[in-house]
Structures are given as C-alpha cells and as structure tokens.
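Before any comments, here is the structure.
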Amino acid sequence: MITRFVLRALEGKIVVAIGVLLAIAVLVPALNLLVPAGSAFHVPTYAVSLFGKYLCYALLALALDLVWGYCGILSLGHGAFFALGGYAMGMYLMRQIGSRGVYGDPLLPDFMVFLNWKELPWFWYGFDMFPFAMLMVLVVPGLLAFLFGWFAFRSRVNGVYLSIITQAMTYALMLAFFRNDMGFGGNNGLTDYKDILGFSVQAAGTRNVLFALSAIMLALCLLIASAIARSKFGKVLVGVRDAESRVRFLGFRVENIKLFTFVVSAMMAGIAGALFVPQVGIINPGEFAPANSIEVVVWTAVGGRGTLIGPIIGAIVVNAGKSFFTGAFPEFWLYALGGLFIAVTLFLPKGIVGTIQHGWNARKALKAAAEREKGEDTDMMPQAAE
C-alpha cells in the first residue's frame, strides 16, 4: 500500500524536482566543507544557512499550496503554524543551554531568571528531550489546525471570510506571544542557542547537516503532497476547490476532506519552522505577523498555485530577490515585492510554472491536432485516387 502511494507520486517533473533537491543536499555541503575557501566553487558557511532558510520557506509555500492550490482554502494564517513549529524547536534548544546561560541557572532559561520566575512552567517540561520536542513540532500546529478547522469547516465558512479568520488567528497568537507572562520570551523570543543533539549550532558541520535535512524534508514533503494530489482523494480535493456544493451533493463529507488537508498542511508548515529556527538562531513573535503569511501567498502565486513545484520556485526566487534588494536598495524592496505580485497577476496569472505548463500543454494539443489532420489527409488520398 505504501509502495503504491509512493509510486503514484512519481510523476516526471516531481521525480526531477526530488532528484535536484537530493543532489543539492549533497552538493552544497560538499562545496562548503571540501572545497578550499579561496576557490571560486567554495560556498561560504553563511550562504549555507541562507540557502537553508530559503528551503524552509519553500517548504512553507508547498504546505500552503496543498490547501490553496488543491482545496481552494486561501489561508492567511500559515505563518502561525510555521512559528509554532519554530517555537517547539526553540524551546528544545533553550533547554539544552542549561547552566551555560548568562545567569547560570541549570533549569530556567535566562529570560525567566531575568523576569524573576521561580519555577519552570508545566508546558516547558519534556522539551529537554529531542524526540518529545520533534513530536510537538507536529502535534502543536496539527492540533491548532484541527481545532480551528473543526469549527470553521463545519460552520461552512468559506472564501474571504475564512481567509480573514485565519489572519485574525495568527494576529491573536502574535499578541499573546508578545506578553512576557506567556512564558515564551516575550518580544525578544528565544535565542542564544548553544547546541543541538550535543553539536554546536554555530559549527560549519552542523549548519551543513541542517541544510541537508531541510532539502531532504522538502523532497519528502513534496513526495507526500504529490501522492495526495495524484490520488483519488486529490481528485476530490480539486472538485472541492472548483465546485464544493456539487461534491457535497454527491455525498462526500467536504468538511472532513478540508480538515484532513488543513491538518497535513499545518504539520508541514511546523516542520519548516522547526528547521528554520536553528539555522537563523532566533524565533520571536514577529514570525506570527499577518504580513508574513501574506508573503507566503505571494510566493505561491508567483510560482504557480496548484503545481507543487511552482511555490518552491516562487519562494526561492522571491526570497533571493529580497536578500538582494534589502541589501542593495532597502527602501525599494516593498515596492519591488508589490510590483512583482501585480506583474504576475496581470501577465502570469497562472504563475511561473503554471504558465509554462499551460504553454507546454497547448503546444502538445496543437501538435496532436496537426498529426490528426495529417492522418485524415493520408486516409483520403487513396479514396481520391480511386
């Protein structure tokens, strides 16, 4: 059953994309660790972390594409799931600091000592264990998505109203996490990490492993998303996106279909957040900002929603452009982002990959039509001779 599920996902372009990601997972660390620093092919350590951040963003965009591109749910709150996964990883990393913190407390993180906390909050217990923390990376975003989706989808909230509610959700979480008494570091968040699984997070080897894991997890989630999209369930998803009432009249429980997809997408976003935190070195409430979730929508639209590969390309292209513009022309970056989104909406409504696919399919259709006409002319020639 699992083999059939995997084989169903192995469409031509998906195989190529997975192969590229796995190759990158090997090539970039090799160029950093094995190639001398003076070589033109050497990839500096800071670039490894930067590329790893792009891959995490690509995974987040892929998660959004699963619910927006295939199920028609425009979520403006996926940044919340990303941030919750990041906080779960950040809590584990904070527990690993121990007595090496500024205040030397073996149990309480520095910000708790500074705020005069006397004991560790109950929700921090267990995060000193890596397996438990990784479980929470999946459970916390998944549980929030389940509870939110249970009420929203059963109430048949759709369209712009659902988008507004998801945006309100992430905004409410941002305000809550800004509070010092929540126990998550307040405005400063969680930072000053020392090590992960006993390895220094600042070491070049650790950063390369994190980059490779980001590429591998992106490839794995792409495989899962492709298998879902190409299955019979995926066809029902597209039906829900294009004609929800018709699918409902056919007897399908649309709310359960939406709920399952929403939870899977939230878990993928949580994984992206967990991989993001040790590579950038901080997680704070700013990651909950609604503007971040809107940016994810822009990445997905630029790449092409409903294509799986498109959002990955869109996230990497837009964030690479952001890195360039914020360094060279920082005051013009937001104008560039807005202009890009407008240009894509006007001239590439299907996104980069969607437009390429549409052109390729149109070319194949024209070629097939030309071959049919040629075949008909050939069949008519003997009749004319008679």
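The values are calculated or read from the model by the stated rules, or taken from the named source; none is laboratory data. Keep in mind that this is a model prediction, so the values were computed, not measured. In this analysis, Cβ positions are derived from the backbone assuming ideal geometry, glycine residues included, and neighbour counts consider all displayed protein chains. Each accessible area value is taken on the protein alone, full model and side chains, heavy atoms only, with ligands, DNA and RNA left out. Shrake-Rupley method; radii C 1.70, N 1.55, O 1.52, S 1.80 Å.
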- [ ] Could you please give the count of residues in region 11-45 that are outside any helix (DSSP H, G or I) and either touching a helix residue (DSSP H, G or I) at 6+ places or on another chain (Cβ under 8 Å) or modelled with pLDDT of 95 or more (or both)?
- [x] 5
TODO: Just one of (1) at pLDDT below 90; (2) farther than 26 Å from Gly69 by Cβ; (3) not charged (D, E, K, R) trips up Val277, so point out which.
DONE: (1)
- [ ] Looking at (1) touching a residue at least 40 places away in the same chain (Cβ under 8 Å); (2) within 30 Å of Lys118 (Cβ to Cβ); (3) open to solvent by 60 Å² or more (accessible area, probe 1.4 Å), find the lone condition where Ile216 falls short.
- [x] (2)
TODO: Could you tell me which residue of region 275-296 is least open to solvent (accessible area, probe 1.4 Å), considering only residues that are under 11 Å from the mean Cα position of the chain (by Cα) and among the aliphatic types (A, V, I, L, M)?
DONE: Val296
Task: Top-ranked residue in region 248-272 [being more than 22 Å from Gly90 (Cα to Cα) and among the polar types (S, T, N, Q); ranked as most open to solvent (accessible area, probe 1.4 Å)] - done: Asn256
Task: Which numbered condition Leu59 fails, given (1) open to solvent by 10 Å² or more (accessible area, probe 1.4 Å); (2) part of a helix (DSSP H, G or I) - done: (1)
Task: Unique match (being of a type outside the set (S, T, N, Q) and more than 18 Å from Gly270 (Cα to Cα)) among Ala133, Ala203, Ala212 - done: Ala203
Open item on the list: If I ask for residues that are farther than 27 Å from Gly12 by Cα and modelled with pLDDT under 80, which ones from region 344-372 would you list?
Closed with: Thr345
Open item on the list: Going through Ala227, Ala215 one at a time, which residue ends up being small (Gly, Ala, Ser), modelled with pLDDT of 95 or more and not in a loop (DSSP other than H, G, I, E, B)?
Closed with: Ala215
Open item on the list: Going through Leu84, Leu66, Leu31, Leu76 one at a time, which residue ends up being buried (at least 16 other Cβ atoms within 10 Å of the Cβ), over 17 Å from the mean Cα position of the chain (by Cα) and within 25 Å of Ile312 (Cα to Cα)?
Closed with: Leu31
Open item on the list: The conditions are (1) touching a strand residue (DSSP E or B) at 6+ places or on another chain (Cβ under 9 Å); (2) more than 30 Å from Arg156 (Cβ to Cβ), and Arg95 fails exactly one of them. Which is it?
Closed with: (1)
Open item on the list: Just to be sure I understand the filter: pairs with C-beta atoms under 7 Å, separated by 6 or more residues or on different chains, first member in region 77-104 and over 26 Å from Pro290 (Cα atoms) and touching a residue at least 60 places away in the same chain (Cβ under 8 Å), second member in a loop (DSSP other than H, G, I, E, B) and among the β-branched types (Val, Ile, Thr). Which pairs pass?
Closed with: none
Task: Failed item in (1) within 24 Å of Leu21 (Cβ to Cβ); (2) out of contact with any His (no Cβ under 6 Å at 6 or more places or on another chain); (3) modelled with pLDDT under 95, with Phe341 passing the rest - done: (1)
